[in-house]
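Accompanying notes for the structure given below.
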Amino acid sequence: MGFSFNLGTPINTALFAYILYSVQHIVFPTISRPKTIPHEFKSGYSWMPKSHPPTVLFKTYSPKTLEPFNGKDGDRILLAINGIVFDVTAGRNFYGPNGMYGNFAGRDASRGMAKQSFDLEMLTPVDQPIDKLEDLKQDEIENMKGWIEHFSNKYIICGKLVENDAL
């Protein structure tokens, strides 16, 4: 039972022709040049972006100074979790004025993130001291730490949150 190759059958002839055609295109690829230059490159190509994203500086915020960063009028959106301030502007659909988590924008979201609640009563008023979170259960603290890790991997840490009278 040896191997035999017979071009007499139509299937073998078709397969042999296909293999030759494929090998020809691998060994001798067709090089086609575009008839016109794409309009994006007529004036040359630059790796530089059209505009540089705004520089984000690490700052110290208080609840009162954090509040204006709520994303209204297209501005930046910041929120704090356990004293860490994140720039969540890239997630405007979630944290913007009409987003699911929009009530956290410009605020300390620690308690709400820990308790998985988006209710307004989870937010400490901006003129009150920062919530110390002393009554949280261990699983709620772990939940909050999970959110901090998630935000740290996804968004820019742009500051820390301190008491109103600390600035």
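The values are calculated or read from the model by the stated rules, or taken from the named source; none is laboratory data. All values derive from a computational prediction rather than experimental measurement. Don't worry about glycine lacking a Cβ; one is built from the backbone with ideal geometry, like all the others, and counts go over all protein chains shown. Each accessible area value is taken on the protein alone, full model and side chains, heavy atoms only, with ligands, DNA and RNA left out. Shrake-Rupley method; radii C 1.70, N 1.55, O 1.52, S 1.80 Å.
Computed values, structure above
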{"quantity": "Checklist (1) out of contact with any helix residue (DSSP H, G or I) (no Cβ under 7 Å at 6 or more places or on another chain); (2) of a type outside the set (Asp, Glu); (3) within 12 Å of Ala80 (Cα to Cα) applied to Lys145, failing item", "calculated": "(3)"}
{"quantity": "The range 72-93 residues that are open to solvent by less than 80 Å² (accessible area, probe 1.4 Å), paired with ones that are modelled with pLDDT under 95 and of a type in the set (D, E, K, R) (beta carbon under 6 Å, 6 or more apart)", "calculated": "Thr89/Arg76"}
{"quantity": "Residues located in the range 103-139, provided they are loosely packed, with under 11 Cβ neighbours inside 10 Å, of a type in the set (Asp, Glu) and within 18 Å of Phe69 (Cα to Cα)", "calculated": "Asp127"}
{"quantity": "Flag for Ala90 being more than 19 Å from the chain's Cα centre (by Cα) and under 15 Å from Phe151 (Cβ atoms)", "calculated": "no"}
{"quantity": "Pair list, Cβ < 9 Å and 6+ apart or interchain, from the range 119-137 residues that are on the phi > 0 side of the Ramachandran plot to residues that are surrounded by 10 or more Cβ atoms within 10 Å (Cβ to Cβ)", "calculated": "Leu133/Asn82; Leu133/Ser110; Leu133/Arg111; Leu133/Ala114; Leu133/Glu140; Leu133/Ile141; Leu133/Met144"}
{"quantity": "All positions within the range 140-166 that are of a type in the set (S, T, N, Q) and surrounded by fewer than 13 Cβ atoms within 10 Å (Cβ to Cβ)", "calculated": "Asn153"}
